[in-house]
Structures are given as structure tokens and as C-alpha cells.
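In what follows, a structure is listed as C-alpha cells, so that the remarks can point back to it.
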Amino acid sequence: MWWLLACHTVEKLPGDDAIATCGDPVLTPQLGYSTSDREAADADSASFGASPEPYHLRYAWSGNPSTDATILWRTDDDTLASQVQYWKEGGEVRTVAGGSFTFNTGGGRVHEVPLCDLAPATTYTYRAGGEGHWSAEYSFTTAPAAGTEVPVVIAVAGDARDNQATWAALLDQIETFAPDFLVFSGDAVDFGSNMDEWDAFLDAGVGFMESHAMIMVHGNHEFYAQNYFGLVAQPGDEKTFSLDYGPLHLAVLDDSTSSDDRATQAEWLDADLGATTQTWKVVSHHMPAYSSCTTHGSDTELQELWSPVEEAHGVQLDIVGHNHNYERSVPLRGGVEVAPGEGTVYVVAAGAGADPYDNDMANAFTAVAAVTEHFALLTIDGGQMEVVVRDLAGNEIDRFTLSP
Ligand SMILES: [Fe+2]
């Protein structure tokens, strides 16, 4: 994310409606490979290149999802106009300016426009681009305010890597269940700086991501590439952050990093989970603390650093990718099975296209495993969370419930 969120109206252009911004363009720390020519452009230019039509338009969260949003899209390099118009049904049209940038692994120009002062649980219609070159109109619905005990449906998938056709087919399946948002548990692509792979990943999202946030977990195959940080808009440093959606607190961590950084994130997670009063606590990262996958199994360092924090704070579900199959653990506390509701259930959801890995269920902590493409649907309703996992054909391969 490139802008600090502080909504204010900065100017009124002669003859135009007021153009607002939600923050000043401030560069976040440069991350990834060869970032030297990542170049930001003026926020509110009205200049257009030869191909100004917005594509890969997305609704994303970079702050509080009930009051803030970021609309991002891509154009040719020469298009600098970065504006969004949005309105509630029967409400006034607001015009907001953001900014844009290019980066040196190609892919044209990325535009990001932060929106602020939105109403919770409210549907807005919007269009992006600039005068004379607006996109089609789409809509999004802001998150219910934190603490609101309303039904929530979350889709989880992970590990598309070099098989974007399967990811596209899986997302078609997911859309039929109308989730509120999606969590992608890492390894969206095989090599993070390969823009062709990101193009295919985002092509699959057309028709969904204009209206639904896709929370991205940084996987080891993202390689901290500038493409990842350039193409997503997420809170904080875009790889370790948390957010609330109605009754849910979701914390996202990056485990592709050093042991020291994992330890630092454990401290962050302890403070983050200690500060929330939300009924439901879910943690997502990429590598499984517990897994009976035969290619790469459990990450014992995560068992030592993160699992005790999650279990101490009553995290009901830890959901990851990386090991290309589906696996669910029994409820665990300190690696030992405990009664339902007294421990954390660890789920691997890594079936969005990458070559499947075998799972021999050799560990006592493994309750269920399946080697097939799949996605998970987490439904919070009526004081419980029901998790249903389906394969590419929609067949159910697991179903379980969790208590707060
Ligand atoms: Fe991975």
C-alpha cells in the first residue's frame, strides 16, 4: 500500500466537483528484487495513454474493511489518471484521487485509490479511471463493523503456482457459494517476479475481485517480489497484518522468512491476539506447523514459535498452504490432542493447482487428509463455525464445526 490513510479534501479544481483523497502518496519500504525504478506518478493527473482502459480492477482492503477500501487496477504505462467515483444507492457521487506506479518487471502501470469514511455493511457502486475513460460500474459491500455477530462466509484456497487453469476453475466453483471474501494461502504463482503468471492469476479473478476482497498470504514462491507488493493492497507491510470482519479477527503472517523474523512476528501476534475481543480468531500463513505430507511435513519451528501463541489466545483455526493436499488436524494444544474447543485446529488448504503431494497420515495429530484440488468454505453463523471442503467438482471431502 502506498498511501497513509488520513481522509481529507485537498483541492477543488475549477469547474470540477471536489476531488478528495484519502491520504498523501507516501512510499512504503521498497521490498523485493530490483526495485530501483519503481516510480510513483502524480495522484490526480488527467493524462491518458494509448490503452487507458482499466483492467484487473480490484476491491481490496488496506485499512479497516468496514470503513476503508482500496480500488486498484492496471493500465498502460502512460496513463496517469487515477480516480474512482463511488456512490451509495440514491447518494451523491464522490470522486477520489489516488496514485500510480510502474515497476521494472513489466505489467504496465498499477493504480491505487484509497477510499475512506465508508459506512459499514453498505453496498457502493463504483467506477475507476478518469473522465472520458471510466471502467464499467461494479459494486462492493463494506465489512460489518467489528463485533457485529452476523453470518460470514469466507473462502480459502492456496497454491496455484504453475497451474492457473485449475485456480480459475476452482474460483468458478467458489463463486457459486457467494463468499464474503477470499483468503489465498500463498504461492499464487511459481516465481514471484514472473508477470505472465500474475497476469494469469489475476485473469482468473476477473468477475470476482472487482467486488470481493482477496486477502493474499505471502508464500515462499512469491519470493518477496515487487510484483507481489505492487499488485496487492493490504494493511501494514502487506504480509503481516490483521483485520476484523464482523465477529471475526483474522491475523495473517509471513513464514517464508528468517527465524529471527518469525520470532518477531510471534511477539506481534501475541500482542495482536491479546488486544482483540472478537468471538472468532483465525490465523493464516503459508507453511503448516503440523502436517503429515510426505514431501515436506511439519514446520517444527512454527510449532515452537507461533502455535503456543495461537493456542494461548484461543485461536480456533490455523489455515495454511504450501503442502499440496488437504489436511485437518485434531484439536491441538502443545502438540497433544485436546477436547474440541480447547485447542487449535490446523488445516492445510493447498489445492489450487500445484502438483499434489502425498499424505501418509502417519502422525496422530492428523484427523483427515485428501490429495486432490480443493477449496474450503468457512461459515460463521449461529454461534459456530462450519468448515466445508470441496474438490474441483464440488464434491464434499470434509466437514467439521468449531466452537468459539
Ligand atoms: Fe510454498
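No value in this document is a laboratory result; all are computed from the given coordinates. Please read all numbers here as calculations on a predicted model, not as lab measurements. Counting neighbours? That spans all protein chains shown, and the Cβs are built from the backbone with ideal geometry, glycine included.
Below, the figures for the structure above:
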read-out: For region 285-303 versus region 78-107, the gap between their alpha-carbon centres in whole angstrom; value: 40 Å
read-out: Cα gyration tensor shape for region 63-131, rounded if a/c is under 1.5, else prolate or oblate; value: prolate
read-out: Region 75-143: GluC sites (Glu not before Pro) in DSSP loop, at most 13 other beta carbons within 10 Å; value: Glu89, Glu92, Glu131, Glu137
read-out: Net +/- balance of residues flanking Ala251 in space, Cβ distance below 11 Å, scoring K and R +1, D and E -1; value: -4
read-out: Using a Förster distance of 35 Å, the FRET efficiency for Ala312-Ala393 (Cβ separation, nearest 0.05); value: 0.30
read-out: Positive dipole terminus of the chain, leading residue within Ala145, Thr276, Phe191 (C-beta point charges); value: Ala145
read-out: Region 152-402 - percent relative contact order, Cα under 8 Å, separation 6 or more; value: 20 percent
read-out: DSSP beta bridges in the chain [antiparallel fraction, %, rounded to 5]; value: 75 percent
read-out: Region 214-261-region 330-393 distance, computed between alpha-carbon centres (Å); value: 21 Å
read-out: Computed lengthening from Asp260 to Ala50, 0.36 nm per intervening residue step minus Cα-Cα distance; value: 70.9 nm
read-out: Calculated FRET value between Ala178 and Glu92, using beta carbons and R₀ = 35 Å, to 0.05; value: 0.75
read-out: Interatomic Cα distance distribution for region 113-220, bins of 5 angstrom, percent; value: 2, 10, 18, 21, 18, 16, 11, 4, 0
read-out: Candidates Phe140, Phe177, Phe208: whichever shows maximal mean-square fluctuation once the chain is modelled as a Gaussian network with Cα springs under 10 Å; value: Phe177
read-out: Cα-centre dipole for region 152-402 with unit charges at Cβ (Lys and Arg positive, Asp and Glu negative), debye to 20; value: 560 debye
read-out: Global geometry of region 232-289, whether rounded, prolate or oblate, following the gyration tensor of its Cα atoms and the 1.5 cut on a/c; value: prolate
read-out: Whole-number D in µm² s⁻¹ for region 175-271, Kirkwood Cα-pair radius fed into Stokes-Einstein, 20 °C, 1.002 mPa s; value: 148 µm²/s
read-out: Residue (of Leu72, Gln85, Ala169) at the positive-pole extreme of the chain, dipole from beta-carbon charges; value: Gln85
read-out: Separation in nanometres of the label points that stand 7 Å from Cα toward Cβ, at Ala339 and Val371; value: 3.7 nm
read-out: Over the chain: helical MRE at 222 nm, DSSP H runs n ≥ 4 each giving -39500 (n - 2.57), nearest 500; value: -4000 deg cm²/dmol
read-out: Cα gyration tensor category, rounded, prolate or oblate, for the chain with a/c compared to 1.5; value: prolate
